[in-house]
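The values are calculated or read from the model by the stated rules, or taken from the named source; none is laboratory data. Every value quoted in this text rests on a predicted model; they were computed, and no experiment measured them. Note: ideal-geometry Cβ built from the backbone for every residue, glycine included; neighbour counts use all protein chains shown.
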Amino acid sequence: MTLSSLSLICLTSLFGIPLTYSVNLFKDSVTNPVIILGIGGVVLVLVALIPYLYARNTDIPKRDPYFYVWSLFAFACVVDLIIALENDGIIHSFMAFYLLEGEPYLKTTHGTFINYWDASVHFGLYMYILTQKSYNEKYRKAGLYWVGSIVNSLLIILMAGLIGEYGVRWPILLNTPYLFIPVWMGYKFLTEPPKQQTYGKRLDTDQKETKPILERPGDLMFIAVFLAAIGAHILRAAAVLESSSEVAKTYIREQEPYLVDDVAFPKAQMLLYFFYYIPYYAMVILDLLYPSGQAWVIDWSLIMAGAVGEGQFSLIGASLHPSTRAASRLPPGNHIVFWIINGTLFIVHHLYAYRCVTMTTKHVAVVVAETSNGRSALELTPDKGLLYDKISSGGVSSESRKYNLRNRRNRQFDHL
């Protein structure tokens, strides 16, 4: 019986359970960080090699260009779940050696929630992507969300390792492929459209007929929330940079003392919010005021939703977890400001991404499929008339040989 691609990746990822337990049996002999780095490197190579050796002589379809990459990342999800469960005392004797000598900052509550997010959300995204039959729009949107989420988590881990109380050890280099591969894949997602896709081109008349912002209450709400988010990020960045402002000091003392915890995870997250997220908010506000219809709006809304979702999940969880230092936990009293700021940041990015993906405007639907001689395009006019045009390999349209099939094919496109 031939395993499906989904089953193969799942079984390969489960290899992490016996592997971590077996290596932990020799924890007294494995104390040198360089040896731990070497063991980790060999394991990563094996995890990527197992699916390749099995799939090369089987009929498993290789439509996904990143098939073997998902094997590597799914394996990391299982290992991260083991780390998180061991940190919470649910299991033991799996990753104790690694947490002590390899990446001790993962023992923190923030590291625990980063691992929980990876083991649940990221693993679910891998399984969803592997169920897609081709490198299509659904695959791409899930991939963009994943890129934002995992890049944010890896940047926080690397920055906290550099500036936090635990310092840097050689095994931190095991995280580098998990950072550079998503960055490279994100670049591919943004610059190379799927080989087979349906995308929308906003008509020029739509841009002329766009309602004023005051007549678009939904967009006006997003502008107000993003402006408030800019203020919140400035305040929290000032707080973690030890501003002498009384407002920043009061906010830290009464709302989020965890931001100045010595583990440096929250400090790294606040600095990312300040330097990279605020410019994004400015671009989004400008696009909401003067809609451009550009593809980057949808793509980056998914990337940022994944990044903020992971960041806020870990930040909120660590602020509430009983294992966090008492001085850094959410203080007793009224927490409405804490929940308004952190809850709104988490929710609004997902709502905005949903709005961008599902936004209904007058579009020309275009289906593009690769052929051996060039590309063929099927264009659906705004009144659902089907037009056929042959495009040469040079990308230039041939002479207009168009057939209006509106009467015969209208039923086929009722769902559009």
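Out of (1) out of contact with any Lys or Arg (no Cβ under 7 Å at 6 or more places or on another chain); (2) assigned to a helix (DSSP H, G or I); (3) under 16 Å from Ile114 (Cα atoms), what's the single condition that is false for Ser319?
(1)
Residue-by-condition table, conditions (1) closer than 29 Å to Tyr105 by Cα; (2) surrounded by 20 or more Cβ atoms within 10 Å (Cβ to Cβ); (3) touching a residue at least 40 places away in the same chain (Cβ under 8 Å):
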site: Leu289; (1), (2), (3): no, no, yes
site: Gly306; (1), (2), (3): yes, yes, yes
site: Gly311; (1), (2), (3): yes, yes, yes
site: Leu315; (1), (2), (3): yes, yes, yes
site: Ala318; (1), (2), (3): yes, yes, yes
site: Ala326; (1), (2), (3): yes, no, no
site: Ile336; (1), (2), (3): no, no, no
site: Leu345; (1), (2), (3): yes, yes, yes
site: Thr358; (1), (2), (3): no, no, no
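Considering only residues that are out of contact with any Phe, Trp or Tyr (no Cβ under 8 Å at 6 or more places or on another chain), at pLDDT 90 or above and among the hydroxyl-bearing types (Ser, Thr, Tyr), which ones fall in the range 90-115?
Matches in the range 90-115: Thr109, Thr112.
Let me confirm something: among Ile285, Ile278, which residue is surrounded by fewer than 20 Cβ atoms within 10 Å (Cβ to Cβ), within 14 Å of His349 (Cα to Cα) and either touching a residue at least 60 places away in the same chain (Cβ under 8 Å) or outside the structural domain of Phe313 (by TED's automatic domain parsing) (or both)?
Matching residue, one of Ile285, Ile278: Ile285.
Give just the number: which of (1) closer than 28 Å to Val168 by Cβ; (2) modelled with pLDDT of 90 or more; (3) surrounded by fewer than 18 Cβ atoms within 10 Å (Cβ to Cβ); (4) not hydroxyl-bearing (Ser, Thr, Tyr) does Asp80 not satisfy?
(3)
Is one or more of the residues making up the range 169-179 over 27 Å from Ile9 (Cα atoms) and modelled with pLDDT under 90?
Yes, the conditions are met somewhere in the range 169-179.
Tell me the helices (runs of 4 or more DSSP H) entirely within the range 1-109 that contain at least 1 residues that are within 27 Å of Pro266 (Cβ to Cβ).
33-55, 67-87, 96-101
Residues in the range 207-264 that are within 24 Å of the chain's Cα centre (by Cα) and in a loop (DSSP other than H, G, I, E, B): how many?
Here the count works out to 2.
For the range 120-144, enumerate the residues that are assigned to a loop (DSSP other than H, G, I, E, B) and buried (at least 16 other Cβ atoms within 10 Å of the Cβ).
Those that are assigned to a loop (DSSP other than H, G, I, E, B) and buried (at least 16 other Cβ atoms within 10 Å of the Cβ): Gln132, Tyr135.
Take the conditions farther than 29 Å from Tyr187 by Cα and either at pLDDT 95 or above or in contact with a Phe, Trp or Tyr (Cβ under 9 Å, 6 or more places away or on another chain) (or both) and apply them to Ile316. Does it pass?
It is true that Ile316 is farther than 29 Å from Tyr187 by Cα and either at pLDDT 95 or above or in contact with a Phe, Trp or Tyr (Cβ under 9 Å, 6 or more places away or on another chain) (or both).
Looking at the range 13-37 only, could you name the residues that are free of Cβ contacts under 8 Å to residues at least 40 places away in the same chain, within 23 Å of Cys77 (Cβ to Cβ) and surrounded by 14 or more Cβ atoms within 10 Å (Cβ to Cβ)?
Leu19
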